[in-house]
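S.K.: To start, I am sharing the structure in question, which I have written as structure tokens.
The values are calculated or read from the model by the stated rules, or taken from the named source; none is laboratory data. In this text the structure is predicted, and so the values were computed from the model without any measurement. Glycine gets a Cβ as well: all are built from the backbone with ideal geometry, and neighbour counts include every protein chain shown.
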Amino acid sequence: MKIRIIGVPVDLGAGRRGVDMGPSAIRYAQLQEKLRSLGHEVDDAGDMEVAIPETQAVRDSKLRYLPEIVAFSRVCADAVEKALREGCFPLVLGGDHSIAVGTLWGVTRVKRDCGVLWFDAHGDFNTAETTPSGNIHGMSFASSLGMGAPELTQNPLPASRLSPRRCVLIGARSLDPGEQRLLRASGVHVYTMHEVDKYGMKDVVGRALDEMRGADGVHLSFDMDVVDPREAPGVGTPVRGGITFREAHLAMELVAEARVVTSMEMAEVNPILDHQNQTAELAAHLMASALGMRIMA
């Protein structure tokens, strides 16, 4: 396939600086070379221009940097939509997980019945009413399903809205009380680490893919903090007890075998907190696994 890399070097949505360098760290981990070795054509569109916190003011402590995040989300959405309409696979490199607002705006302008596989230690299902931090990277999944601030839920020129029955959260182990209530009421399928431990990654991903049957595409949103911090130390909000190196690869291999994913984003790689680019290296390998890399070619 033809893959278009779109860099979104943003850390406005997070509470710690550094994830804006994530796209560069992932590229340094030879992402393009890995994808080209699989036979894919790779077009790197470069990085979007994104404001930095030092040049902006926080107008609302419950929705930190909202205008700036909406602005880059619109640009990101346009880039993702353009890639899909041109027959490309959009591969979005974050940046914090607020990038999902823009990527899913772009995806749902083209895909009329799209599913979402969301790998994350957190729910990202807060709103301004429930958030303990005001950080929008903790709201992006909820806003993509129409919950929260109108600026984040109103997709310009949408073809469709996501259906909760086609949305699956995998690997969660740190959910705020408000998120738990909203997730239970939403209809989103949630597989916490309890279910991953109990049933195994193969079964959990199989169940998740069953929910995608009949969809005209699946967006894969991968937050590197879903992986245990011993394997992925370079993330802003690490939580012990995450999925292992092999569980992460198995999940991506199963997704690749299903041949349903039509777009992907990789979020929350923070090189400042990493050890010798270990987390970015793993992120690049996981993207390659999701796009066809095998132990035995």
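S.K.: As an exercise: evaluate residue 15 against (1) touching a His at 6+ places or on another chain (Cβ under 9 Å); (2) at pLDDT 95 or above and give the number of the one condition it does not meet.
M.R.: (2)
S.K.: Select, from 232, 142, the only residue that is modelled with pLDDT of 95 or more, crowded, with 21+ Cβ neighbours inside 10 Å and not in a loop (DSSP other than H, G, I, E, B).
M.R.: Sole residue among the options that is modelled with pLDDT of 95 or more, crowded, with 21+ Cβ neighbours inside 10 Å and not in a loop (DSSP other than H, G, I, E, B): 142.
S.K.: Hey, another quick one. Going by what's in this entry, would residue 49 be described as in a helix (DSSP H, G or I) and either of a type in the set (Asp, Glu) or closer than 25 Å to residue 156 by Cβ (or both)?
M.R.: no
S.K.: Write out, first by first residue and then by second, each pair whose Cβ atoms fall under 9 Å of each other, whose residues are 6+ apart or on separate chains, and whose first residue, in region 249-263, is modelled with pLDDT under 95 while the second is aromatic (Phe, Trp, Tyr).
M.R.: none
S.K.: Select from region 71-101 the residues that are buried (at least 21 other Cβ atoms within 10 Å of the Cβ), out of contact with any Lys or Arg (no Cβ under 7 Å at 6 or more places or on another chain) and not hydrophobic (A, V, I, L, M, F, W, C) and list them in ascending order.
M.R.: Answer for region 71-101, where residues must be buried (at least 21 other Cβ atoms within 10 Å of the Cβ), out of contact with any Lys or Arg (no Cβ under 7 Å at 6 or more places or on another chain) and not hydrophobic (A, V, I, L, M, F, W, C): 73, 94, 95, 96, 97, 98.
S.K.: Which residue, of 207, 181, 230, 213, is within 22 Å of residue 94 (Cα to Cα), more than 19 Å from the chain's Cα centre (by Cα) and not hydroxyl-bearing (Ser, Thr, Tyr)?
M.R.: After applying the criteria, what remains is 230.
S.K.: For residue 118, which of the numbered conditions (1) crowded, with 23+ Cβ neighbours inside 10 Å; (2) part of a helix (DSSP H, G or I) fails to hold?
M.R.: (2)
S.K.: Now a separate question. Inside region 2-30, can you point out the residues that are exposed (fewer than 15 other Cβ atoms within 10 Å of the Cβ) and closer than 23 Å to residue 260 by Cβ?
M.R.: 2
S.K.: While we're on this one: For residue 101, are the conditions met, namely being under 25 Å from residue 293 (Cβ atoms), within 14 Å of the chain's Cα centre (by Cα) and at pLDDT 95 or above?
M.R.: No: the conditions fail for residue 101.
Every residue, every condition in (1) buried (at least 20 other Cβ atoms within 10 Å of the Cβ); (2) acidic (Asp, Glu); (3) over 27 Å from residue 110 (Cα atoms), yes or no:
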residue: 158; (1), (2), (3): no, no, no
residue: 162; (1), (2), (3): yes, no, no
residue: 168; (1), (2), (3): yes, no, no
residue: 172; (1), (2), (3): yes, no, yes
residue: 176; (1), (2), (3): no, yes, yes
residue: 179; (1), (2), (3): yes, yes, yes
residue: 184; (1), (2), (3): no, no, yes
residue: 194; (1), (2), (3): no, no, yes
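S.K.: From the list 54, 33, 68, exactly one residue is at pLDDT below 95 and either surrounded by fewer than 15 Cβ atoms within 10 Å (Cβ to Cβ) or in a helix (DSSP H, G or I) (or both). Which is it?
M.R.: 54
So that you can scan it fast, the table gives a plain yes or no per residue for (1) over 19 Å from residue 121 (Cβ atoms); (2) surrounded by 22 or more Cβ atoms within 10 Å (Cβ to Cβ):
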position: 255; (1), (2): no, yes
position: 263; (1), (2): yes, yes
position: 266; (1), (2): no, yes
position: 273; (1), (2): no, no
position: 276; (1), (2): yes, no
position: 280; (1), (2): no, yes
position: 284; (1), (2): yes, yes
position: 290; (1), (2): no, yes
position: 293; (1), (2): yes, no
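S.K.: Right, another one. Which of the residues spanning region 238-278 are assigned to a helix (DSSP H, G or I), β-branched (Val, Ile, Thr) and in contact with a helix residue (DSSP H, G or I) (Cβ under 6 Å, 6 or more places away or on another chain)?
M.R.: Answer for region 238-278, where residues must be assigned to a helix (DSSP H, G or I), β-branched (Val, Ile, Thr) and in contact with a helix residue (DSSP H, G or I) (Cβ under 6 Å, 6 or more places away or on another chain): just 255.
S.K.: Just to be sure I understand the filter: pairs with C-beta atoms under 7 Å, separated by 6 or more residues or on different chains, first member in region 11-30 and farther than 16 Å from residue 45 by Cα and part of a loop (DSSP other than H, G, I, E, B), second member of a type in the set (Asp, Glu) and at pLDDT 95 or above. Which pairs pass?
M.R.: Qualifying pairs under 7 Å: 11/20; 11/96; 12/68; 13/96; 14/96; 17/11; 18/11; 29/281.
S.K.: Continuing with this model, one more query. Residues of region 106-145 being in contact with a strand residue (DSSP E or B) (Cβ under 7 Å, 6 or more places away or on another chain) and acidic (Asp, Glu), which ones?
M.R.: 120, the sole residue that qualifies.
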